[in-house]
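A short write-up of the structure that comes next.
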Amino acid sequence: MCDNCGCETTEENIFLPKEAKIIKAVQATADVKLFTLKMADGYIHWDPGQFLEVSLFGYGEIPIGFASSPTRPESFDIAIRTVGRVSGAINKLVAGDSMFLRAPLGTGFPINLLRGQDVIIVAGGIGLCPTRSLIQYIMDRRDEFKKFTLIYGAKNPSQQMFKDELATWKKSSDIDFYDIVDKADENWKGEVGLITSLFAKTNLNPETRAVICGPPIMFKFVVMELNKRGIKNENIFLDLERRMKCGVGKCGHCQINDQYVCVDGPVFPLSKAKQLEEAL
């Protein structure tokens, strides 16, 4: 019963998954499938950077970041890489099938700290998927942010995500977009090398807010490049989507010192992440 008005209330069971219908399923790369989903009953509300637990009965569940912005609420996207039994089973689903979700979970990107500021996002590999929720948010509310820079690195052209959007971003005057691959193929005409080499092309304000998501090895060297340009650690935010399991801080699987990645994160300011053992 509600303390304020005496009405009957019901708390949602955070362990009870809800059905989502697959509207569209696309093989984005050889091992990553992109799903467009809609809740079977009602809508879901989330912040950029939050995640959800995706389950399939008989197989289990896995944590996956939202890959689209809440500014586009009619449906939402998630991208799943086939790495094990659960992800492999989910990635066999097609349009018209259902999967089950617990969401939204975790702490997203600090929109209020980014709004009104220059913003740079640095994404490596599949790290473009959770940051896409923020990219779309900024692009949809472009007048709320100042200069917007995006740097994206992939192992090779075949592993690049969202190629249609990459092409759009390259042509847009609303975003300074740079991409690179570790190894080119015969059709690649762009930059080849380490993602950090692209910083030479940027002109960053020391007050820029930075968001980083990608392989952990990337964090250290990207932070070094940002620090060289006067960007302070308190203005750098990391998406540490790893080691999560239950999604609600109960199992302890993602605990690092006194923090739970799934509850206190997965987005952390660098000043906090540096205090977490093995975070960097």
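Do you know which of the residues in the stretch 220-263 that are touching a Cys at 6+ places or on another chain (Cβ under 8 Å) and free of Cβ contacts under 8 Å to residues at least 12 places away in the same chain is nearest to residue 61 (Cα to Cα)? Outline the logic, then answer.
Narrowing the stretch 220-263 to residues touching a Cys at 6+ places or on another chain (Cβ under 8 Å): 238-239, 241-249, 253-254, 260-262.
Adding the requirement that they be free of Cβ contacts under 8 Å to residues at least 12 places away in the same chain leaves 253, 260.
Working: 253: 14, 260: 18 Å.
Once the filter is applied, the top-ranked residue is 253.
When you check residue 252 against the structure, is it assigned to a loop (DSSP other than H, G, I, E, B), surrounded by fewer than 14 Cβ atoms within 10 Å (Cβ to Cβ) and modelled with pLDDT of 95 or more, yes or no?
Taking the combined requirement at face value, the residue does not satisfy it.
Considering only residues that are part of a strand (DSSP E or B) and out of contact with any helix residue (DSSP H, G or I) (no Cβ under 8 Å at 6 or more places or on another chain), look in the stretch 60-77 and name the one that is surrounded by the most Cβ atoms within 10 Å (Cβ to Cβ). Explain how you work it out, then say what you get.
To start, the set of residues in the stretch 60-77 that are part of a strand (DSSP E or B) comprises 60-65, 76-77.
With out of contact with any helix residue (DSSP H, G or I) (no Cβ under 8 Å at 6 or more places or on another chain) added as a condition, the list becomes 64, 76.
On the way: 64: 23, 76: 26.
Looking at the filtered set, the residue picked out is 76.
Out of curiosity, is residue 241 crowded, with 16+ Cβ neighbours inside 10 Å, touching a Gly at 6+ places or on another chain (Cβ under 9 Å) and of a type in the set (Asp, Glu)?
yes
Which of the residues that make up the stretch 144-168 are within 22 Å of residue 115 (Cα to Cα) and either small (Gly, Ala, Ser) or part of a strand (DSSP E or B) (or both)?
Of the stretch 144-168, the ones within 22 Å of residue 115 (Cα to Cα) are 144-152.
Correct list: 148, 149, 150, 151, 152.
Has the stretch 132-153 got any residue that is small (Gly, Ala, Ser) and closer than 23 Å to residue 80 by Cβ? Before you say what the answer is, go through the steps one by one.
Within the stretch 132-153, the first condition is being small (Gly, Ala, Ser), and the residues that meet it are 133, 153.
Next, from what is left, pick out any that are closer than 23 Å to residue 80 by Cβ: 133, 153.
Yes: one or more hits.
So for the stretch 216-228 (the condition being assigned by TED's automatic domain parsing to the domain that holds residue 126 and part of a loop (DSSP other than H, G, I, E, B)), does at least one residue qualify?
no
Considering only the stretch 173-196, state which residues are of a type in the set (S, T, N, Q), surrounded by fewer than 15 Cβ atoms within 10 Å (Cβ to Cβ) and either under 29 Å from residue 265 (Cβ atoms) or free of Cβ contacts under 8 Å to residues at least 12 places away in the same chain (or both).
The first filter runs over the stretch 173-196 and keeps only residues of a type in the set (S, T, N, Q), leaving 173, 187, 196.
When the remaining residues are screened for being surrounded by fewer than 15 Cβ atoms within 10 Å (Cβ to Cβ), the result is 173, 187.
Scanning the stretch 173-196 gives a single hit, 173.
Looking at the stretch 183-196, can you tell me whether even one residue there is outside the structural domain of residue 51 (by TED's automatic domain parsing), over 20 Å from residue 106 (Cβ atoms) and touching a Lys or Arg at 6+ places or on another chain (Cβ under 8 Å)?
Residues of the stretch 183-196 outside the structural domain of residue 51 (by TED's automatic domain parsing): 183-196.
Then keep just the ones that are over 20 Å from residue 106 (Cβ atoms); that gives 183-196.
Subset that is touching a Lys or Arg at 6+ places or on another chain (Cβ under 8 Å): 183, 192.
Looking for residues that are outside the structural domain of residue 51 (by TED's automatic domain parsing), over 20 Å from residue 106 (Cβ atoms) and touching a Lys or Arg at 6+ places or on another chain (Cβ under 8 Å), one finds at least one in the stretch 183-196, hence yes.
In the stretch 229-238, which residues are in a strand (DSSP E or B) and either surrounded by fewer than 20 Cβ atoms within 10 Å (Cβ to Cβ) or at pLDDT below 95 (or both)?
Restricting attention to the stretch 229-238, the residues satisfying the condition of being in a strand (DSSP E or B) are 236-238.
None; the set is empty.
Quick one: how many residues across the stretch 169-202 are part of a strand (DSSP E or B) and within 23 Å of the chain's Cα centre (by Cα)? Lay out the reasoning, then the answer.
Looking only at the stretch 169-202, we keep the residues that are part of a strand (DSSP E or B), and these are 176-181, 191-192.
Keeping just the survivors that are within 23 Å of the chain's Cα centre (by Cα) gives 176-181.
The total comes to 6.
For the stretch 83-113: of the residues being within 16 Å of the chain's Cα centre (by Cα) and of a type in the set (A, V, I, L, M), which is nearest to residue 208 (Cα to Cα)? Don't jump to the end; show me each part of the working.
Applying the first criterion (within 16 Å of the chain's Cα centre (by Cα)) to the stretch 83-113 yields 103-111.
Add one more test, that the residue is of a type in the set (A, V, I, L, M), and what stays is 103, 105, 111.
On the way: 103: 31, 105: 27, 111: 13 Å.
Only one residue fits best here, namely 111.
I need the full set of residues from the stretch 196-216 which are within 24 Å of residue 65 (Cα to Cα) and either modelled with pLDDT of 95 or more or touching a strand residue (DSSP E or B) at 6+ places or on another chain (Cβ under 9 Å) (or both), in order please. Even if it seems obvious, please write down each step before you answer.
To start, the set of residues in the stretch 196-216 that are within 24 Å of residue 65 (Cα to Cα) comprises 209-216.
Residues satisfying the conditions are 209, 210, 211, 212, 213, 214, 215.
When you scan the stretch 114-121, do you find a residue that is touching a residue at least 40 places away in the same chain (Cβ under 8 Å) and more than 26 Å from residue 78 (Cβ to Cβ), even just one? Let's see the steps before the verdict.
Residues of the stretch 114-121 touching a residue at least 40 places away in the same chain (Cβ under 8 Å): 114, 117-121.
If we keep only those that are more than 26 Å from residue 78 (Cβ to Cβ) as well, we get 117-118.
Within the stretch 114-121, one or more residues are touching a residue at least 40 places away in the same chain (Cβ under 8 Å) and more than 26 Å from residue 78 (Cβ to Cβ).
Kindly provide the set of residues from the stretch 26-59 that are more than 22 Å from residue 73 (Cβ to Cβ), part of a strand (DSSP E or B) and of a type in the set (A, V, I, L, M), ordered by number.
Matches in the stretch 26-59: 32, 56.
Being exposed (fewer than 15 other Cβ atoms within 10 Å of the Cβ), in contact (Cβ under 8 Å) with a residue 24 or more places away in the chain and acidic (Asp, Glu) is true for just one of 19, 53. Which residue is that?
Numbers: 53 fails: exposed (fewer than 15 other Cβ atoms within 10 Å of the Cβ).
Answer to the selection: 19.
Restricting attention to the stretch 122-138, which residues are small (Gly, Ala, Ser) and not in a helix (DSSP H, G or I)?
Listed by number, the residues that qualify are 123, 124.
The values are calculated or read from the model by the stated rules, or taken from the named source; none is laboratory data. These numbers were taken from a predicted model, which means no experiment stands behind them. Neighbour counts are summed over all protein chains in view; Cβ atoms, including those assigned to glycine, are modelled from backbone coordinates with ideal geometry.
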